[in-house]
Amino acid sequence: MAATHDILLLHGLAAEATPRRRARLRSMTGAEEEGCVAAAEQGLPVRVALSRLIAGCVERLGDAPIAEEDAEALSIGDRETLALAIRAASFAGPMRARLACTACGEALDLALGPRELLAPATPAAPRLELGGVRLAFRPVTARDQAAVADLAGEEAAGAAMLSRCVTIEDDGDITALPRPAQEATAAHLLALDPMAETLLSCVCPACGAVVEGSLDAGAFLVEEIARRGPALAREVLLIARATGWGEQAILAMPRQRRLRYAALLGGEAP
Ligand SMILES: [Zn+2]
């Protein structure tokens, strides 16, 4: 059996009495990696691949397992938290990202520890009074992102997102509020789900400028796995030839164990 890890999500899934926030996850197996490779080959959005990955690696959320559609109903920040936790449980090395220095153009290679990026964060309150208007917020989910993905223009997508996630308690249309109030509402919606965005900052060794960027951990992980599609196939073949084990059995192994076996057999180093 693969080791399991527990992690507490900031929002979780709405349930009857208390939200389901405690996630028990196991490390990734080749089956989940194969799912990401297939999603990339079919040209599916990263969001869909990440939902599959989360549904595969989360054994329980609260007191029950989760399906792909439950993963779509999680907040973006909770999905990022799970992506980082799954990465930490399944990979030995750091996440290698590259930023370009905005001052001199130097390429900056970063090695990011997923565990360090899982710093505790505090969400803003779900209610806010703004100029006498009482607003209630819920965090943006993957389903919301999918719903506004096809709208033309950032402004239309932003307005649609506010309408989906913020309600005026005494009735009214959020997009009818004055522009500054809408901007404050959008900022509060972001603050409700602080794990949705991981900001990166480093000093350029060439010119000393402070370079800032952000990491989409879910997309990073899905792409990292999809890129290894050919390596995954080689590892499965190598182990199958040497042992006679079936493909399903090899894909069901925790990723690190499969990599160790393949390395012993002279395949790619982990
Ligand atoms: Zn520089």
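Couple of notes before you dig in:
- In region 94-117, residue surrounded by the most Cβ atoms within 10 Å (Cβ to Cβ) [restricted to those that are in contact (Cβ under 8 Å) with a residue 60 or more places away in the chain and away from the ligand (no atom under 16 Å from the Cβ)]: 114
- Residue 151 vs. criteria assigned to a loop (DSSP other than H, G, I, E, B), over 30 Å from residue 210 (Cα atoms) and not assigned by TED's automatic domain parsing to the domain that holds residue 78: yes
- Region 118-142: number of residues that are more than 24 Å from residue 170 (Cβ to Cβ), touching a residue at least 12 places away in the same chain (Cβ under 8 Å) and out of contact with any strand residue (DSSP E or B) (no Cβ under 9 Å at 6 or more places or on another chain): 0
- From the options 22, 47, residue that is out of contact with any strand residue (DSSP E or B) (no Cβ under 7 Å at 6 or more places or on another chain) and basic (Lys, Arg): 47
- Matching option when the condition is assigned to a strand (DSSP E or B), crowded, with 20+ Cβ neighbours inside 10 Å and in contact with a helix residue (DSSP H, G or I) (Cβ under 7 Å, 6 or more places away or on another chain), among 83, 23, 49, 71: 23
- For region 192-229, a residue qualifies if it is in a helix (DSSP H, G or I) and aliphatic (A, V, I, L, M), and the qualifying residues are 195, 196, 217, 219, 221, 222, 225, 226.
- Just one of the listed residues (215, 251, 200) is away from the ligand (no atom under 16 Å from the Cβ) and under 23 Å from residue 116 (Cα atoms), namely 215.
- Subset tally (residues that are under 15 Å from the mean Cα position of the chain (by Cα) and in contact (Cβ under 8 Å) with a residue 40 or more places away in the chain) for region 62-87: 18
The values are calculated or read from the model by the stated rules, or taken from the named source; none is laboratory data. Computed from a predicted model, the values in this text were never measured in an experiment. Backbone-built Cβ (ideal geometry, glycine too); neighbour counts: all protein chains shown.
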